[in-house]
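Structure, as structure tokens:
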Amino acid sequence: MFPVLIAVVVWLAAWWLNVRIAGSAWRDSRAGRLAVPVIFGITVLVVWECLVLGLRVSPVILPAPTAIAARFAVSTEVLWGDFVQTALKGAVSGYVIGCGAAFLVSLAIDRSPFLQRGLLPIGNFVAALPIVGTAPILVNWFGFDWQSKAAVVVVMVFFPMLVNTVQGFADTTAMQRDLMRTYSANYWQTLLKLRLPAAMPFIFNGLKISTTLALIGAIVAEYFGSPTRGMGFRISTEVGVLGLDMVWAEITVAAIAGSSFYGAVALMERGATFWHPSQRS
Amino acid sequence: MFPCVPNRATRLEQGGKVRRGQCPDPPRFAGRCMPLPVASGPKPPKGMDGDALSRLFPILTVLAALVAVWYAGSVWMNSGWTLAQAERSGQELSLSEIVADAMVQERPRLPPPHQVLAELKKTVIDTKVTSKRSLVFHSWITLSSTLAGFTLGTLVGILAAVGIVYSRTLKMALMPWAIISQTIPIVAIAPMIIVVLASMGVEGRAVPKAIISAYLCYFPVLVGMSKGLRSPDGMQLDLLKTYGANGRQTFWKLRFPSSMPYFFTSLKIGVAAALVGTIVGELPTGAIRGLGARILIGDQFGNPIMIWAALIMAACLAAALVGTVAGLQRVTARRMGFSR
């Protein structure tokens, strides 16, 4: 029972520390904003470790963080191979194709009010559908390798991206458009100088939503058939043989991949929409 | 819908209080927008007269075009099999024969719409609801898990939002992790949740599915509610202070009612996300009941018509769920005097 006691003590101490930081002068500083969640995260890990030790949880149910870390360190090569297969080949290529296609289609839609009125409600509807269900069909069509994963990702990211982009293009006021007209700007000039910049926050919103969807799509598609590597493949086979430490190692990879993918897009957004109120702190 | 980019729908729901191009409440954690599982877009622009026909006509046209594309696609994709058969037997086929064959294949690569409709009719109307072949039965399984997960996720989301609004420590500690939790692909965790719960003695798949859908659904509610609970401005809070209202009264009489528009907007996203979560929970886990399981079985038995029918059914379910929440929103808004 001793480790459980340690867990309780660590939890209380860390919470006290966080309350002190949040109440202190540097709660608004960068260090303070970073320290609080980091302390919280470390506490969760320590408590997890202690509880697994203290309550003698079977590794089949929940492996300890140290066991997961050890497994991670041993099998970096396998994990890297899976990452390349799923995240880089499947998710990123599908993401680029899907978002690119959605952007082009939304440009076309934007020129036709009729299409806007017809496609947008449908796009909105489709964006709320469980599109992951099409994964087996697409795997059937495009084969087991990364092409089918990319296809699932394309279908998944297309509609959220489309809806956001079209919405962004509509986000200029009549006054602003009139101003462009008094400058006698043509369609392309108006697009490049006014409407595209105005649409940027919406476009990046769509891009950010799509990052998560892309990874989900690539992993689910692997459950329906894949070559003998890939994150989804590894997870489903390791769950089958109860190698939960490997599963957690894959989840760690997925979390790192997902967060850095999202973070990269968010960084790009910072650069591209530095003028938007949401980017000023 | 509520990331920091204000969109038309939010602006409308707040009675146009938000000025154009300005965040209603710029989310301050890390100064960035948040990911959302599902995007949701603007209301369709109203026609000049705003009557139903002028709004429906473009939608119907696009739908008709989609069906036409679907038929063309199924002819194109199914023709491969037909041509291979013909070549083997040394026949020459005319175009009309290829088209006719594409419409009636047993295992088409892309079943044409009428085959899917026939399958839907067979499994929805002609089969008894209690039968395991009835799609209504499978929809019910999926629906019940979705609702359980949705309720759980919404409760967790609301509680976390209240905690975040009232405790700075919680906000600083939790919010970054909540965002990171959404960048982890849930499907990576789905098989594990099921195995772990099974080894802990939880029978059946209802609980793991509900947990997965709650995981997807809590985040929109958390974000929307933490924004909504903070939406009363200083003036309103000051007024309550001059009334001598205590914390609980401020919460129930001001913060909670004014969070309602945000609440329902996030519920709409949350319920769609919960359905996605349930179906994802059914897909990779060898479930035998539920719409996701129908998709899985259809895949294993090489029966695309079955997959498509289950997909259409899932779409109808999503529409019904979102529609119900939207209806609730309208009723509540009218009762509370929010509607214009």
- Message: If the elastic network links every pair of Cα atoms under 10 Å, which of A:Tyr187, A:Tyr95, A:Tyr262 fluctuates the most in the Gaussian network model of chain A?
- Response: A:Tyr187
- Task: Rounded to whole Å and ordered largest first, report the semi-axes of the equivalent ellipsoid of the stretch B:52-108 derived from its Cα gyration tensor (root of 5λ).
- Result: 34, 9, 7
- Under a Cβ-Cβ cut-off of 14 Å, what is the net charge of the residues other than A:Val239 that fall near it, where Lys and Arg count +1 and Asp and Glu count -1? -3
- Message: Counting other beta carbons within 10 Å of each residue's own, what order do A:Met161, B:Met306 fall into, fewest first?
- Response: B:Met306, A:Met161
- Averaging sequence separations of C-alpha pairs under 8 Å and six or more residues apart, then dividing by the length of chain A, give the relative contact order as a whole percent. 22
- Query: Using the Cα atoms as the points, what is the convex hull volume per residue of the protein assembly as shown in Å³?
  - Reply: 192
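Among residues other than B:Gln105 whose Cβ falls under 14 Å from its Cβ, what is the net charge (Lys/Arg +1, Asp/Glu -1)?
Net local charge, B:Gln105 excluded: -2.
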- Would you mind pulling out the separation of the Cα centroids of the stretch A:216-281 and the stretch A:18-50, in Å? 25
- Candidate cut points under trypsin sites (Lys or Arg not before Pro) in the stretch A:8-84, DSSP loop plus at most 11 other Cβ atoms within 10 Å of their own Cβ, are A:Arg56
- Message: If the elastic network links every pair of Cα atoms under 10 Å, which of A:Trp188, A:Trp141, A:Trp248 fluctuates the most in the Gaussian network model of chain A?
- Response: A:Trp188
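Taking the Cβ of each residue in B:Phe57, B:Phe263 as the centre, tally the other Cβ atoms inside 10 Å and list the residues starting with the fewest.
Least to most surrounded, the residues fall as B:Phe57, B:Phe263.
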- Query: Looking only at A:Ile209, A:Ile21, A:Ile256, which one moves most when chain A is put into a Gaussian network model with springs between Cα atoms under 10 Å?
  - Reply: A:Ile21
- Task: Please compute the net charge surrounding A:Val19, taking Lys and Arg as +1 and Asp and Glu as -1 over other residues with Cβ under 14 Å from its Cβ.
- Result: +4
- Per the helix-only model, chain A has a calculated mean residue ellipticity at 222 nm (DSSP H runs of ≥4, -39500 (n - 2.57) each, divided over all residues, rounded to the nearest 500) of -25000 deg cm²/dmol
- Task: With the Cα gyration tensor of the stretch A:2-57 in hand, give its eigenvalues times 5 under a square root as the equivalent ellipsoid semi-axes, listed largest first in whole angstrom.
- Result: 27, 11, 4
- Query: Where the Cα atoms of chain A are projected onto their three principal axes, how long is each span, largest first, in whole Å?
  - Reply: 77, 57, 30
- Membrane-span-like helices (DSSP H runs, Cα span along own axis at least 30 Å, mean Kyte-Doolittle at least -1.0) in chain A -> A:2-23, A:30-54, A:146-169, A:196-223, A:244-272
- Item | Order of B:Ser89, B:Ser258 under a 10 Å beta carbon neighbour criterion, fewest first | B:Ser89, B:Ser258
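Between Rg and the Kirkwood Rh of the stretch B:42-144, both from Cα atoms, what is the Rg to Rh ratio?
Answer for the stretch B:42-144: 1.15.
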- Message: Sort B:318-324, B:234-240 by packing, meaning the average of other beta carbons within 10 Å per residue, with the highest value first.
- Response: B:318-324, B:234-240
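Values in this text are rule-based calculations from the coordinates and carry no lab data. Values in this document were obtained by computation on a predicted structure and should not be read as measured data. Virtual Cβ from ideal backbone geometry, glycine too; neighbours counted across all protein chains shown.
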